[in-house]
Amino acid sequence: MPITHTLLAIDWAVFTEKLILIVSVVSASLVVAMYSTYAERKVAAIIQDRRGPNRAGPFGILQPLADGMKLFFKEEIIPNFSSKFLFILGPCLAMLTAIMVGAVIPWGNKIHIFNRDISLQIADINIGILYVFGVVSLGVYGIMIGGWASNNKFSLMGAMRAASQIISYELAMGISIIALLMVTGTLSLKEMVDQQTDHWWNIMKQPLGFLIFLICAFAETNRTPFDLAEAENELVGGYHVEYSSMKLGFYLFAEYINMFLSSAVMVSLYFGGYDIPFVNDISSINTLGVNWLAVLQGACFFAKIACFIFLFMWVRWTIPRFRYDQLMNLGWKILLPLALFNMLVTGALILLKQNHWHF
Amino acid sequence: MKPVSRKPMTIWERMYLPAILKGMFITFGHIFKKKATINYPEQTRPFSPVFRGLQILNRDEEGRENCTACGLCAVACPAEAITMEAAERKPGEEHLYREEKYAAKYEINMLRCIFCGLCEEACPKDAVYLSETFAPANYQRKGFIYGKPDLLIPHPKEDPEAFAKARGNRAQQPQGHGNEH
């Protein structure tokens with residue numbers, strides 16, 4: 001049966017290389033998210049003139065491990081009145097959708113080992129940014145299902161708040177991206193990054209679009225000033241009132257993974273991705289070699305992401321939370337028209353440029 | 001009193017972004033500020049010279065206990081934290097007790113003690129004084145009733161270092177106590 005044989009033949013080299021890449025990207029996101037919790041506490045402490053965690057290990061570096069251990073050892077309560085399957089599905093979905101975004105982000109250009117060029121991107125799909133949006137929208141289900149399955153009025157209301165917030169801000173986010181797509185002419189994240197390595201970063205072409213995207217990213221990841229989903233000090237706890245132990249941990253952890261990956265998306269879209277600033281990446285291939293360049297690019301990418309994560313935390317410990325009506329006003333009455341305006345202006349300018357600046 | 005401004009906000013103010021940026025610079029400035037907190041168990045703040053911590057029962061230079069169980073400290077104590085039992089010195093115990101009478105039992109209940117230092121002031125023999133140790137911890141309440149083994153200062157001959165440390169720079173020869181020889 002020769003035909004089935006060829007059909008079932010899997011390119012094992014590609015398979016292993018992708019498997020290794022997937023495992024490393026997932027574990028990298030988990031580790032970064034873990035240490036984001038540590039960084040958050042440290043940043044909060046420093047901004048508030050405190051010292052932050054410094055007891056577990058040197059400089060408190062083992063604090064995230066201790067926190068994780070604590071959450072695992074806590075008693076796990078699944079309420080009697082909850083819908084058990086959905087109750088467990090909620091945090092799973094939140095975690096899954098958070099991690100899935102990492103699949104389309106180009107973490108570096110490529111490396112050359114064993115006589116093979118290996119791209120440092122799990123899947124270079126040509127609709128990369130659409131995929132990101134699709135997965136991010138799925139994130140609402142994690143929250144909504146969690147709040148619904150708890151069968152508790154407060155968690156349901158919290159979930160409703162969170163869901164309506166995320167859906168409202170997705171709109172402005174999408175439209176701000178459309179303007180960027182008109183400029184770049186591609187949906188693939190890899191191609192966008194390649195364009196930015198050769199020319200200006202997209203932030204230069206789309207400053208307003210970036211601002212809108214940034215604000216929406218804060219809202220999408222439920223970070224202050226838009227953290228009404230949780231609102232620890234005025235709501236009971238939002239959609240995760242009934243959750244305890246590691247299920248609660250997963251919800252909180254998913255927020256940090258979201259923060260990491262949305263930073264990665266923002267860097268890829270607007271800040272040149274893995275491009276090393278002020279260095280001509282193409283000519284430095286000759287001096288450094290492909291592999292070392294990939295390492296440098298990866299480091300550069302992570303440094304940019306770290307800056308964004310710091311920005312997220314910095315804003316969180318500066319600005320108070322919005323009121324719910326203010327949140328909705330900002331989303332629908334300001335950001336959405338602004339994004340439309342940005343799209344319109346971008347379109348007009350592109351048309352003008354194609355006509356060689358003649359009306 | 002400053003009246004509340006009811007002026008409608010200008011466009012610039014309603015954009016909020018400048019105000020947010022200003023706020024962010026303020027919080028950023030706090031990163032470089034000196035922290036008021038110290039790493040407590042590793043670092044401690046210096047005490048004032050009149051700090052009153054846990055009591056210590058004193059010995060003289062030859063290691064003999066000063067206390068004569070006169071009971072003045074117990075009388076002076078407003079919290080009634082001190083109890084003692086007196087005993088007579090037997091021949092051959094001269095190296096242990098400085099005078100003919102000594103405290104066979106001397107207990108201070110640290111849960112009752114208010115660290116006022118009146119015992120130190122009442123003592124005619126310079127036998128009890130308040131040290132700089134201040135954070136007793138125990139698993140049981142009875143652990144807070146300090147007996148003689150907990151209170152006595154280390155022996156100056158057998159353990160001169162610990163003795164010097166326990167004395168610190170306080171409890172130097174006090175003046176005007178009337179107990180100068």
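A few remarks follow.
- Within segment A:199-231, tally of residues that are out of contact with any Phe, Trp or Tyr (no Cβ under 7 Å at 6 or more places or on another chain), surrounded by fewer than 20 Cβ atoms within 10 Å (Cβ to Cβ) and of a type in the set (A, V, I, L, M, F, W, C): 6
- Each residue in segment B:137-162 was checked for being touching a residue at least 40 places away in the same chain (Cβ under 8 Å) and either more than 16 Å from residue B:82 (Cβ to Cβ) or of a type in the set (Ser, Thr, Tyr) (or both), and 6 pass.
- Some residue of segment B:97-108 being part of a loop (DSSP other than H, G, I, E, B), out of contact with any strand residue (DSSP E or B) (no Cβ under 7 Å at 6 or more places or on another chain) and farther than 17 Å from residue B:152 by Cβ: no
- Test result for residue B:98, under 17 Å from residue B:118 (Cα atoms) and basic (Lys, Arg): no
- Every listed requirement among (1) in a helix (DSSP H, G or I); (2) within 14 Å of another protein chain (Cβ to nearest Cβ) is met by residue A:319 save one, (1).
- Qualifying residue in segment A:105-112 (condition: part of a helix (DSSP H, G or I) and of a type in the set (D, E, K, R)): no
- Among the candidates A:57, A:102, A:108, the residue that is farther than 30 Å from residue A:16 by Cα and either within 14 Å of another protein chain (Cβ to nearest Cβ) or not acidic (Asp, Glu) (or both) is uniquely A:57.
- Only a single item in (1) of a type in the set (A, V, I, L, M, F, W, C); (2) surrounded by 14 or more Cβ atoms within 10 Å (Cβ to Cβ); (3) within 11 Å of chain A (Cβ to nearest Cβ) is not met by residue B:51, and it is number (3).
- Only one of A:84, A:74, A:70 that is surrounded by fewer than 16 Cβ atoms within 10 Å (Cβ to Cβ), under 18 Å from residue A:251 (Cα atoms) and under 28 Å from the mean Cα position of the chain (by Cα): A:70
- Test: residue A:151 is at positive phi and either surrounded by fewer than 21 Cβ atoms within 10 Å (Cβ to Cβ) or modelled with pLDDT of 85 or more (or both): yes
- Only residues that are over 22 Å from residue A:245 (Cβ atoms), within 14 Å of chain B (Cβ to nearest Cβ) and not charged (D, E, K, R) were counted across segment A:17-54, and they come to 9.
- Selection within segment B:65-96 - in a helix (DSSP H, G or I), touching a strand residue (DSSP E or B) at 6+ places or on another chain (Cβ under 6 Å) and of a type outside the set (Gly, Ala, Ser): B:73
- Taking segment B:1-24 as the range and being within 14 Å of another protein chain (Cβ to nearest Cβ) and either under 17 Å from residue A:225 (Cβ atoms) or surrounded by 10 or more Cβ atoms within 10 Å (Cβ to Cβ) (or both) as the test, the residues that pass are B:9, B:14, B:15, B:16, B:17, B:18, B:19, B:20, B:21, B:22, B:23, B:24.
The values are calculated or read from the model by the stated rules, or taken from the named source; none is laboratory data. Keep in mind that what you see is a predicted model, and the values were worked out from it rather than measured. Cβ coordinates were reconstructed from backbone atoms using ideal geometry, including for glycine residues, and neighbour counts include every protein chain displayed.
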